[in-house]
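Right, one structure below, let's go through it.
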Amino acid sequence: MNSKTHILLIYTGGTIGMVKDYESGVLRAFDFDKLSKHIPELEQLDCRVDTVSFESPIDSSNMNPDHWVKIATLIEENYEGHDGFVVLHGSDTMSYTASALSFMLENLAKPVIFTGSQLPIGDLRTDAKENLITSIQIAALQKKGKPVIQEVGLYFEYKLYRGNRTTKINAEHFQAFASLNHPPLAESGVHLKVFDEYLMQRKNTKRFVVHKDLDANVVILKLFPGLNREVIRRVLGTPNLKALVLETYGAGNAPTDPWLLEDLEEALAKGLHIVNVTQCSGGSVIPGRYKTSEQLRQLQIINGKDITTESAITKLMYLLGSGVSHKLFKTVFETSLRGEMQQK
């Protein structure tokens, strides 16, 4: 009987799965069935690794909700036969996908680790090997016969983060991601150290459920000095628009121009869900701390607390697709479902 941990590696596309043709200089996707040829170190891992790839791997800039459903379906189809999952993904939209999957995979009891790289796997100075090898090791971690990680994570440059707490902060450095409002779940150095106190703790044994109905009738609007009423009205008047992430200043502040408040109030009255999220990389929305946020609080705009924009927009898609009633929508959004926001 083979007692090795069984990991499924899912390749969606992105730099990590590329090798360079040194004659032409062109990057191309390599055959994942020959993974050990490119990363012989995988043979030293004490686990079995299966691989599956999108038929047509994509640049993550082309990632969309249909692809999220495809990833979730692959996990669903292989859930019983594998102990953990590693998703190879381009870095540009990885935080969006990791956030979306965290909501789509309800009662997840196994690790789903997203990773990628800034340089191709065949490059001499690549970060791909370390990211991939350590992600597989993390996905294979077991304690008393159960996975140590039981949530969606994102591993990059020696740190494992909660996936729905991340954002990409750098397009050139190997340390491409940050989780400014939540500590890392694990760090890789001489030893692989897991911070148990920060992990999602499963309090039930409910059946694993995959949600595939996402509603993408949402939009992000970032406030800036000089944003005029015509633009606001056009955004709020978008046909079939159901929800809006409003990226405000600082602790949730916005201009106090009467016309802005009037237009937001009118949109709310028509049924639009509006979430107040800070455009700062770190920190939280604190309604009423300043006069410039008090009026938004009085309008009963949804408090995004310390959620990231990536997590806010995907949570909206998930809740809209789940058919949450209009009456309960604000309460449900302001509740942490997968550790994506502060509890209080």
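The values are calculated or read from the model by the stated rules, or taken from the named source; none is laboratory data. All figures in this text were calculated on a predicted structure; none of them were measured in a lab. Don't worry about glycine lacking a Cβ; one is built from the backbone with ideal geometry, like all the others, and counts go over all protein chains shown.
Only one of the numbered conditions (1) at pLDDT 95 or above; (2) surrounded by fewer than 20 Cβ atoms within 10 Å (Cβ to Cβ) is violated by Arg289, and that is (1).
Of all residues being outside any helix (DSSP H, G or I), out of contact with any strand residue (DSSP E or B) (no Cβ under 9 Å at 6 or more places or on another chain) and modelled with pLDDT of 90 or more in the range 24-83, which is farthest from Ile133 (Cα to Cα)? Just the residue, please. Looking at the filtered set, the residue picked out is Asn64. For the range 72-102, filtered to residues that are over 22 Å from Lys159 (Cβ atoms) and hydrophobic (A, V, I, L, M, F, W, C), the residue that is surrounded by the fewest Cβ atoms within 10 Å (Cβ to Cβ) is Leu74.
Every condition in (1) under 16 Å from the mean Cα position of the chain (by Cα); (2) closer than 30 Å to Val324 by Cα; (3) part of a loop (DSSP other than H, G, I, E, B) holds for Ser91 except the one numbered (2). State whether one or more residues within the range 302-315 are buried (at least 18 other Cβ atoms within 10 Å of the Cβ), touching a helix residue (DSSP H, G or I) at 6+ places or on another chain (Cβ under 6 Å), in contact (Cβ under 8 Å) with a residue 24 or more places away in the chain and not assigned by TED's automatic domain parsing to the domain that holds Tyr249. Within the range 302-315, none of the residues are buried (at least 18 other Cβ atoms within 10 Å of the Cβ), touching a helix residue (DSSP H, G or I) at 6+ places or on another chain (Cβ under 6 Å), in contact (Cβ under 8 Å) with a residue 24 or more places away in the chain and not assigned by TED's automatic domain parsing to the domain that holds Tyr249.
Being surrounded by 16 or more Cβ atoms within 10 Å (Cβ to Cβ) and part of a loop (DSSP other than H, G, I, E, B) is the filter here; which residues of the range 160-176 pass it? Within the range 160-176, Thr166, Phe174, Ala176 qualify. Answer with yes or no whether Ala243 is among the aliphatic types (A, V, I, L, M), outside the structural domain of Leu268 (by TED's automatic domain parsing), touching a Leu at 6+ places or on another chain (Cβ under 6 Å) and surrounded by 13 or more Cβ atoms within 10 Å (Cβ to Cβ). No. Restricting attention to the range 271-299, the residues being assigned to a loop (DSSP other than H, G, I, E, B) and either within 17 Å of Phe329 (Cβ to Cβ) or more than 19 Å from the chain's Cα centre (by Cα) (or both) number 9. Of everything listed in (1) closer than 15 Å to Ser60 by Cβ; (2) in a strand (DSSP E or B), the single unmet condition for Ile113 is (1). Exactly one of these conditions fails for Asn240: (1) in contact with a strand residue (DSSP E or B) (Cβ under 9 Å, 6 or more places away or on another chain); (2) part of a loop (DSSP other than H, G, I, E, B). Give me its number. Tallying (1) in contact with a strand residue (DSSP E or B) (Cβ under 9 Å, 6 or more places away or on another chain); (2) part of a loop (DSSP other than H, G, I, E, B), Asn240 fails exactly one: (1).
Residue count for the range 176-203, restricted to those that are under 18 Å from Met341 (Cα atoms), at pLDDT 95 or above and among the aromatic types (Phe, Trp, Tyr): 1. On the given criteria, is Asn228 loosely packed, with under 13 Cβ neighbours inside 10 Å, on the phi > 0 side of the Ramachandran plot and in the same structural domain as Lys327 (by TED's automatic domain parsing)? When the stated conditions are applied, Asn228 does not pass them. Can you name the residue in the range 207-237 that is assigned to a loop (DSSP other than H, G, I, E, B) and in contact with a strand residue (DSSP E or B) (Cβ under 8 Å, 6 or more places away or on another chain) and, of all such residues, is farthest from Thr134 (Cα to Cα)? Restricting to residues being assigned to a loop (DSSP other than H, G, I, E, B) and in contact with a strand residue (DSSP E or B) (Cβ under 8 Å, 6 or more places away or on another chain), the top hit is Leu223.
Within the range 206-233, the set of residues being within 24 Å of the chain's Cα centre (by Cα) and free of Cβ contacts under 8 Å to residues at least 60 places away in the same chain comprises Val219, Leu221, Lys222, Leu223. Just one of the listed residues (Gly271, Gly288) is under 26 Å from Arg338 (Cα atoms) and outside the structural domain of Asn170 (by TED's automatic domain parsing), namely Gly271.
Could you please find all residues in the range 300-319 being assigned to a loop (DSSP other than H, G, I, E, B) and among the hydrophobic types (A, V, I, L, M, F, W, C)? Listed by number, the residues that qualify are Ile301, Ile307.
Using the structure shown, decide if Tyr249 is surrounded by fewer than 17 Cβ atoms within 10 Å (Cβ to Cβ), of a type in the set (Phe, Trp, Tyr), in contact (Cβ under 8 Å) with a residue 12 or more places away in the chain and farther than 30 Å from Gln201 by Cβ. Answer is no for this residue. Is it the case, given these coordinates, that Ala98 is among the aliphatic types (A, V, I, L, M), farther than 19 Å from Glu197 by Cα and assigned by TED's automatic domain parsing to the domain that holds Ser188? For Ala98, the condition - among the aliphatic types (A, V, I, L, M), farther than 19 Å from Glu197 by Cα and assigned by TED's automatic domain parsing to the domain that holds Ser188 - is met. If you go through the range 320-344 and keep only what is within 22 Å of Glu265 (Cβ to Cβ), part of a helix (DSSP H, G or I) and not β-branched (Val, Ile, Thr), you end up with Leu320, His326, Lys327, Leu328, Phe329, Lys330, Phe333.
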